[in-house]
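Below is one structure, written out as structure tokens, with a few remarks after it.
We did not get these values from a lab; they are worked out from the coordinates using the rules stated. The structure displayed is predicted, hence computed values, not measured ones. Glycine gets a Cβ as well: all are built from the backbone with ideal geometry, and neighbour counts include every protein chain shown.
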Amino acid sequence: MQAFRYVHNWPIQRKLLLIILSTIVVSLLLVMAGIVSYELVTYRNRLAQEMAKVGGFIAANSAPTLAFDDAQTAQEILNTLVGSQSVAVAALYTTDGRIFASYVRPGRQTVAVPPTPGPDGTRFVGRTLELVSPVQKKGRRLGTLYLRADRATVYARLAGYAGILLVVYLAIGGGAFLLQRLLQRLVSEPLLRLSRTAESIAGGDLTAHVPVESADEIGQLAGAFNHMTAELAHSYADLEMRVQERTEKLTSALQKLRTETEERIHAVEELRKRERLLIQQSRLAAMGEMLANISHQWRQPLNVLGLKVQELGLTYKFGQLSEELLDGNVAKAMEIIQHMSQTINDFQEYLTPNKEKTRFSVDQVIAKTVSLIRENFQNQNIGIKTISADDPQITGFPNEYGQVLLNLFMNSRDAFLERGITEAQITVRSWVENERAVITITDNAGGVKEEILDKIFDAYFTTKELGKGTGVGLFMSKNIIEQNMGGRLSVRNVNGGAEFKIEV
Amino acid sequence: MRRIAAVMGMLLLGYTTAYAEATEYQVKAAMLANFAIFVDWPPTAFSTAGSPFVACVLGDDPFGRLLEHELGERVGSRPVEIRYLKKADAAAECHMVFISRSEQHQLKPVLASLRKTGTLIVSDAGDISGFCRNGGMIGFVTERGKVRFDLNANAAAKAGLKIDSKLKRVSGSTECGEGR
């Protein structure tokens, strides 16, 4: 157990060497043990067989020498036994028991040749085998052969095997060195490389790579290892990339959110500013318009007033100034001044926004608006025709409504002037449709270009010359009708003109 | 009785004295018996499986009972029959013929009549090389008082006889009558 634990910590190369060498040594020892036991177990039989064979040969060859009393040839025949390792003693006896010829293996001269052969047969005496065989021909006995064998052969063979074993072990000892080098190259080095790579990967180097040099288990391991490392590197890179992506996305989303919020706040502020500006602008515009209209309204009464005042002066000079005339002219002048004052009141009232919704007649608002501009429009040769039906009633803000109408009339007038239209005509129609009060204001000024038809209600959109239009009028009109009164303001082109339609 | 006693005496002598000291014909008889076991005859040399092995002595018999004694009752599985012949014509059924010295003056015609398949021709005639040249197969020679033999392997092979190669090793020569 101690030894096993000691070997346990050896490098693989040495373990393999140990396994291989011990396998070889043990198998050789087993083979040798087998051979030795086989030799020891079977040598008697083999020796007996060998002796029988040798005996048969010697007997056959020596038969004529016994028959014809040729002791010299018999001796020559026995001497050939020097080539046999087994036979230690051999002798030929005549039929009357005399020693005819004998042989003792060189180096064994101390062994005596028995004076008589003894009975025929094979027998073991101690460690030696004795063979006594008759020499005969055609059933006739010519003499007796005596052979004695010992274990020298077995020992000689075992010594031979031991020599072979020794040589083989020496060869293994030499081969072990070469084997170790080979194992180092085939097993240890690839494993060490693998181990070093594993260490560098553990140290964080995901680019580490093991060269795959063989298709064996180590090669497969190296391949799997490389694959694993590549996967690891890939996963790691992928993970980092994803984290980065997410971070970037979050950052940009946050940035976008901030920008959007700022933009919205900014837009809302802008919108408020613009609205305030618009309201101011539209008021100024309306006041301008009103001033123009008032000036038109006042021109004729001012002329009349002037005439009445001049008449007073002239009649006085010529002494024709009567009390009657004076009273009459003063009354007339006062009436005119009253009228002019009324006109200002009318305009003032018209421009004051209604505070509460009231029910009002659309036709009345039309009539009032037309009366404000009729004089002005007549001077510019623009005719206004009113066609009313159903006397539609609306709940809302009559002044604002009137301002919208005024705006639309002004719009048409601008178009007429700009395009130099003669026989300019504005037709105002009013009726009830599906319980809604409908007004159309139609002119013959050529209409709105199709490509800008859906833009004319946008704030600051204008087709007029620089300095003339503000682009606020139609936008404010749409606002008043749709936002304040829940109605609809639309435009379309009809028979060489534009038709604005208000539905409330 | 005297003769039997003499033979018995010789037999006893043969068994008790050294081989080399045995009488000349005692040795030759033993050798003839051994030739019978170291030579194989063709199957055609025997009419049946139980046919006897026929050993013949042509001319004066120098062996007496010695040959009978050395050959024993059987050669291999065959019973032994010994014939003593006066004329070569009677040797037709012989498997082995020993030509006695009494016939050496007419060796040539005797051999001519004996030369047939399946007969081993042995002799101790004086002119062994002449004997071999004319078809003799085994000739006894005595060198320094010891009986030996020469082989005419070629003639034996021609007669269909198969001589054990180990026999050739103990023979003086295997080319008796050839190359001379």
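What the table below lists for this structure:
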item: Sequence-distant lysines (8 or more away, or on other chains) whose Cα lies within less than 24 Å of residue A:478; result: A:273, A:355, A:357, A:368, A:385, A:449, A:455, A:464, A:468, A:501
item: Stretchable slack from residue A:419 to residue A:3, in nm (0.36 nm times residue separation minus alpha-carbon distance); result: 137.7 nm
item: Cα gyration tensor shape of the stretch B:40-180, rounded if a/c is under 1.5, else prolate or oblate by comparing a/b with b/c; result: rounded
item: Rounded FRET efficiency, nearest 0.05, which uses the C-beta distance separating residue B:90 from residue A:124 and R0 of 56 Å; result: 0.45
item: Amide H within-cut-off set for residue B:65, under 5 Å, with H built and near neighbours excluded; result: none
item: Measure of compaction for chain A (Cα Rg per 2.2 N^0.38 Å); result: 3.13
item: Cα-Cα over 27 Å, subset of B:86/B:116; B:116/B:166; A:138/B:116; A:138/B:108; result: A:138/B:108
item: Distance between the stretch A:335-350 and the stretch B:96-157 - C-alpha centres, whole angstrom; result: 202
item: ³J(HN,Hα), Karplus 6.51/-1.76/1.60, whole Hz, each residue of the stretch A:375-390, x for Gly, Pro; result: 4, 4, 5, 4, 4, 9, 6, 10, x, 10, 10, 10, 10, 10, 8, 6
item: Whole-angstrom gap from the stretch B:19-59 to the stretch A:242-299, using each part's C-alpha centre; result: 162
item: Charge tally in the Cβ shell below 9 Å around residue A:132, where Lys, Arg are +1 and Asp, Glu are -1, residue A:132 excluded; result: -1
item: Virtual spin-label span in nm between residue A:209 and residue A:35, 7 Å along Cα→Cβ; result: 5.4
item: Around residue A:181: net Lys/Arg minus Asp/Glu count, Cβ-Cβ under 14 Å; result: +1
item: The stretch B:99-157: C-alpha gyration tensor shape, a/c 1.5 cut-off, then a/b vs b/c; result: oblate
item: Estimated distance in nm for a label pair at residue A:184 and residue A:302, the labels positioned 7 Å out from Cα along Cα-to-Cβ; result: 12.6
item: Per-residue HN-Hα couplings for the stretch A:154-162 [Karplus 6.51, -1.76, 1.60; θ = phi - 60°; Hz; x = Gly/Pro]; result: 4, 5, 4, 5, 4, 4, x, 4, 4
item: Binned Cα-Cα distance frequencies in the stretch A:209-248 - 5 Å width, integer %; result: 6, 25, 18, 14, 10, 11, 7, 6, 3, 1
item: Neighbour-count order for A:236, B:84, fewest beta carbons within 10 angstrom listed first; result: A:236, B:84
item: Normalised convex hull volume, the stretch A:18-126, alpha-carbon set, Å³ per residue; result: 141
item: Mean separation of Cα contacts under 8 Å (6+ apart) over length of the stretch A:304-430, as relative contact order %; result: 28
item: Peptide A:57-64 - average C-beta neighbours from other chains (10 Å radius); result: 3
item: Mean separation of Cα contacts under 8 Å (6+ apart) over length of chain B, as relative contact order %; result: 19
item: Nonlocal amide H pairs with residue B:84, under 5 Å, H built at 1.01 Å; result: B:57
item: Relative contact order for chain A, counting Cα pairs under 8 Å that sit 6 or more residues apart, in percent; result: 8
item: Derived scalar couplings ³J(HN,Hα) [the stretch B:73-81; Karplus, 6.51 cos²θ - 1.76 cosθ + 1.60; whole Hz; x for Gly, Pro]; result: 8, 9, 10, x, 9, 9, x, 9, 10
item: Built amide H within the under 5 Å cut-off of residue B:148, gap 5+; result: B:141, B:142, B:143
item: Full-stretch length increase - residue A:24, residue A:327 - with 0.36 nm per residue and alpha-carbon distance subtracted; result: 93.0 nm
item: Inter-probe distance in nm under a simple model that places probes 7 Å from Cα toward Cβ, at residue A:381 and residue A:44; result: 16.4
